[in-house]
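Engineer: Encoded as structure tokens, here's the structure I'll be asking about.
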There are 2 protein chains.
Amino acid sequence: MYEVEVKVRADHAAVREQLDAQNATPVDHVTQIDTYYSAPHRDFAETDEALRIREETPRESNSFTEVTYKGPLADAKSKTRREIETVVECADDMGAILEALDFEPAAEVRKERERFALDGYTVTLDSVEGLGEFVEVETEAEDIDPAREGAFDVLRSLGLDPDDQIQTSYLGLLLASDE
Amino acid sequence: MYEVEVKVRADHAAVREQLDAQNATPVDHVTQIDTYYSAPHRDFAETDEALRIREETPRESNSFTEVTYKGPLADAKSKTRREIETVVECADDMGAILEALDFEPAAEVRKERERFALDGYTVTLDSVEGLGEFVEVETEAEDIDPAREGAFDVLRSLGLDPDDQIQTSYLGLLLASDE
């Protein structure tokens, strides 16, 4: 199973009108504060790994914290990564443990994330601090090509252009904007 | 805040009689399986630190998992360390994250732990696989000296001798017994 995901930069107002017109189903609306850590013994930018603490606050329920390791791209075409994640009770304590081990907070990504279900895809409206508004269309599939074509169709139905696809992560975009 | 802790080797039978005579309050009775990790970038045996995943199964409630960092000894006269700890949802995922970062499981400590409250201290009866029976007296305090003297008083009241104090961790004792 692959996660097929297409992301473009787009103002949300027009996209919301299209989601409404197509009766897309609201799924959730959360705030995510992600802290990415650097490692003392290797350069994650070079190894293409990431270590993240995410504090997620849903509008409708209680906050929780996850710690996540993302491995390097296993296959460039499918954007497949190994991902290991577990919920932790306390973001501050987890951060303090990492810092005691000389992992350092290197970057923070803050965003509002609103998800909708549409035609078997998840449409995500992200408002990222310092970067602006983005729309992601994603699904899980065994066959990548038809899933990607379907994601492109959903994008077009929302008035967006698949050729505007951005493959860089928000973290990568933020780090690039600092340079 | 420091964890001030004094530990001696002692048969539990006589100590239980003293706890009973002093109306110590039973707190809990748990099984703990601790996995200690080595670090890729420094030798915890040299730096006197520890990184641990603990799976605790109380007699009276559900199992849970904690990840803990212990700093070097802050006080030569007791087992006082900086300790940072948080509950995590999944021991296997937390272990997999550590291993992806090249921390390796180095040793396991299994024990039965029975805790009592007495005069503001916690008295712990530990039965450690491969090592035998121990009694610990501990508290949390800002000031180390009076807390340690109080712990010595509690030990004496249980018929034990503070001079028998063992400053080596169970992990250290197990590793030493392997040599």
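The values are calculated or read from the model by the stated rules, or taken from the named source; none is laboratory data. Here the structure is a predicted model, which is why all the values come from computation and not from measurement. Quick reminder, even Gly has a Cβ in these numbers, built from the backbone with ideal geometry, and neighbours come from all protein chains shown. For the accessible areas, the whole protein counts, side chains as well, though only heavy atoms, and no ligand, DNA or RNA atoms are used. Shrake-Rupley method; radii C 1.70, N 1.55, O 1.52, S 1.80 Å.
Engineer: Would you please list the contacts, defined by Cβ atoms under 7 Å and residues six or more apart or on different chains, that run from a residue in the stretch B:44-56 that is within 15 Å of B:Asp93 (Cα to Cα) to a residue that is open to solvent by 20 Å² or more (accessible area, probe 1.4 Å) and of a type outside the set (Ser, Thr, Tyr)?
Structural biologist: Hits for this filter: B:Arg54/B:Glu66; B:Glu55/B:Ile33.
Engineer: So, of the residues in the stretch A:4-56 that are closer than 14 Å to A:Lys70 by Cα and acidic (Asp, Glu), which turns out to be least open to solvent (accessible area, probe 1.4 Å)? Before you say what the answer is, go through the steps one by one.
Structural biologist: Step one: list which residues in the stretch A:4-56 are closer than 14 Å to A:Lys70 by Cα, which gives A:34-39, A:43-54.
This time we only want the ones that are acidic (Asp, Glu), so: A:34, A:43, A:46, A:48-49.
Details: A:Asp34: 2, A:Asp43: 78, A:Glu46: 154, A:Asp48: 55, A:Glu49: 25 Å².
Here the residue is A:Asp34.
Engineer: If I ask for residues that are away from chain B (no Cβ under 13 Å) and hydrophobic (A, V, I, L, M, F, W, C), which ones from the stretch A:38-73 would you list?
Structural biologist: Result: A:Ala45, A:Leu73.
Okay, residues lined up against (1) closer than 27 Å to B:Ala117 by Cβ; (2) among the aromatic types (Phe, Trp, Tyr); (3) out of contact with any helix residue (DSSP H, G or I) (no Cβ under 9 Å at 6 or more places or on another chain):
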{"residue": "B:His29", "(1), (2), (3)": "yes, no, yes"}
{"residue": "B:Thr35", "(1), (2), (3)": "no, no, no"}
{"residue": "B:Ser38", "(1), (2), (3)": "no, no, no"}
{"residue": "B:Phe44", "(1), (2), (3)": "no, yes, yes"}
{"residue": "B:Asp48", "(1), (2), (3)": "no, no, yes"}
{"residue": "B:Arg52", "(1), (2), (3)": "yes, no, no"}
{"residue": "B:Glu55", "(1), (2), (3)": "yes, no, no"}
{"residue": "B:Asn62", "(1), (2), (3)": "yes, no, yes"}
{"residue": "B:Val67", "(1), (2), (3)": "yes, no, no"}
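Engineer: Go through A:Glu140, A:Glu136, A:Glu99 for me and flag whichever is open to solvent by 30 Å² or more (accessible area, probe 1.4 Å) and either more than 14 Å from chain B (Cβ to nearest Cβ) or assigned to a strand (DSSP E or B) (or both). It would help to see each step written out before you state the result.
Structural biologist: Details: A:Glu136 fails: open to solvent by 30 Å² or more (accessible area, probe 1.4 Å); A:Glu99 fails: either more than 14 Å from chain B (Cβ to nearest Cβ) or assigned to a strand (DSSP E or B) (or both).
Of the residues listed, the single one that is open to solvent by 30 Å² or more (accessible area, probe 1.4 Å) and either more than 14 Å from chain B (Cβ to nearest Cβ) or assigned to a strand (DSSP E or B) (or both) is A:Glu140.
Engineer: If the Cβ limit is 6 Å and pairs must be 6+ apart or interchain, which residue in the stretch B:132-148 that is at pLDDT 90 or above pairs with which residue that is small (Gly, Ala, Ser)?
Structural biologist: B:Glu133/B:Ser127; B:Val135/B:Ala10; B:Val137/B:Ala151; B:Thr139/B:Ala147; B:Ala147/B:Ala141; B:Arg148/B:Ser78
Engineer: Here is a follow-up. Does the stretch B:152-159 contain any residue that is modelled with pLDDT of 95 or more and among the hydroxyl-bearing types (Ser, Thr, Tyr)? Before you say what the answer is, go through the steps one by one.
Structural biologist: At the first step, the residues of the stretch B:152-159 found to be modelled with pLDDT of 95 or more are B:152-159.
With the extra rule that they be among the hydroxyl-bearing types (Ser, Thr, Tyr), the set shrinks to B:157.
Yes: the stretch B:152-159 contains one or more residues that are modelled with pLDDT of 95 or more and among the hydroxyl-bearing types (Ser, Thr, Tyr).
Engineer: Another question, if that's okay. Could you please let me know if A:Val87 is aliphatic (A, V, I, L, M), assigned to a strand (DSSP E or B) and free of Cβ contacts under 8 Å to residues at least 60 places away in the same chain? If you could, list the steps in order and put the result at the bottom.
Structural biologist: On the way: aliphatic (A, V, I, L, M): yes; assigned to a strand (DSSP E or B): yes; free of Cβ contacts under 8 Å to residues at least 60 places away in the same chain: yes.
So A:Val87 fits the description; yes.
Engineer: Could you tell me whether A:Asp119 is over 20 Å from A:Tyr170 (Cβ atoms) and either at pLDDT below 95 or among the hydroxyl-bearing types (Ser, Thr, Tyr) (or both)? Don't jump to the end; show me each part of the working.
Structural biologist: Values: over 20 Å from A:Tyr170 (Cβ atoms): yes; either at pLDDT below 95 or among the hydroxyl-bearing types (Ser, Thr, Tyr) (or both): yes.
When the stated conditions are applied, A:Asp119 passes them.
Engineer: Based on this model, can you work out whether A:Thr35 counts as away from chain B (no Cβ under 11 Å), closer than 30 Å to A:Leu158 by Cα, of a type in the set (Val, Ile, Thr) and part of a strand (DSSP E or B)? So that I can check it myself, show each step before the final result.
Structural biologist: Working: away from chain B (no Cβ under 11 Å): yes; closer than 30 Å to A:Leu158 by Cα: no; of a type in the set (Val, Ile, Thr): yes; part of a strand (DSSP E or B): yes.
Answer is no for this residue.
Engineer: Does B:Ser61 fit the bill of being modelled with pLDDT under 95, within 13 Å of the chain's Cα centre (by Cα) and part of a loop (DSSP other than H, G, I, E, B)? It would help to see each step written out before you state the result.
Structural biologist: Working: modelled with pLDDT under 95: yes; within 13 Å of the chain's Cα centre (by Cα): no; part of a loop (DSSP other than H, G, I, E, B): yes.
For B:Ser61, the condition - modelled with pLDDT under 95, within 13 Å of the chain's Cα centre (by Cα) and part of a loop (DSSP other than H, G, I, E, B) - is not met.
Engineer: Also, quick follow-up: Of everything in the stretch B:145-179, what is surrounded by 16 or more Cβ atoms within 10 Å (Cβ to Cβ) and more than 21 Å from B:Ala106 (Cβ to Cβ)? Give them in sequence order.
Structural biologist: Matches in the stretch B:145-179: B:Ala147, B:Arg148, B:Gly150, B:Ala151, B:Phe152, B:Val154, B:Leu155, B:Ser157, B:Leu158, B:Leu160, B:Pro162, B:Gln165.
Engineer: Looking for whichever is touching a Gly at 6+ places or on another chain (Cβ under 9 Å), within 14 Å of chain B (Cβ to nearest Cβ), surrounded by 14 or more Cβ atoms within 10 Å (Cβ to Cβ) and charged (D, E, K, R) here; the options are A:Arg110, A:Arg81. Which one fits? Give the derivation first.
Structural biologist: Working: A:Arg110 fails: within 14 Å of chain B (Cβ to nearest Cβ).
Testing whether each residue is touching a Gly at 6+ places or on another chain (Cβ under 9 Å), within 14 Å of chain B (Cβ to nearest Cβ), surrounded by 14 or more Cβ atoms within 10 Å (Cβ to Cβ) and charged (D, E, K, R) leaves just A:Arg81.
Engineer: Quick check on my filter: what residues within the stretch B:57-71 are surrounded by 18 or more Cβ atoms within 10 Å (Cβ to Cβ) and over 16 Å from B:Thr168 (Cβ atoms)? Reasoning before the result, please.
Structural biologist: Going residue by residue through the stretch B:57-71, those that are surrounded by 18 or more Cβ atoms within 10 Å (Cβ to Cβ) are B:65-67, B:69-70.
Within the stretch B:57-71, B:Thr65, B:Glu66, B:Val67, B:Tyr69 meet the criteria.
Engineer: Quick check: is even one residue across the stretch B:88-95 open to solvent by 70 Å² or more (accessible area, probe 1.4 Å), more than 28 Å from B:Gln165 (Cβ to Cβ) and within 14 Å of chain A (Cβ to nearest Cβ)?
Structural biologist: Residues of the stretch B:88-95 open to solvent by 70 Å² or more (accessible area, probe 1.4 Å): B:89, B:92.
Adding the requirement that they be more than 28 Å from B:Gln165 (Cβ to Cβ) leaves B:89, B:92.
If we keep only those that are within 14 Å of chain A (Cβ to nearest Cβ) too, we end up with B:89, B:92.
For the stretch B:88-95, residues open to solvent by 70 Å² or more (accessible area, probe 1.4 Å), more than 28 Å from B:Gln165 (Cβ to Cβ) and within 14 Å of chain A (Cβ to nearest Cβ): present.
Engineer: I'm trying to understand the selection: among the residues of the stretch A:70-84, which are in a strand (DSSP E or B) and either at pLDDT 95 or above or polar (S, T, N, Q) (or both)?
Structural biologist: Step one: list which residues in the stretch A:70-84 are in a strand (DSSP E or B), which gives A:70-75, A:80-84.
A:Thr80, the sole residue that qualifies.
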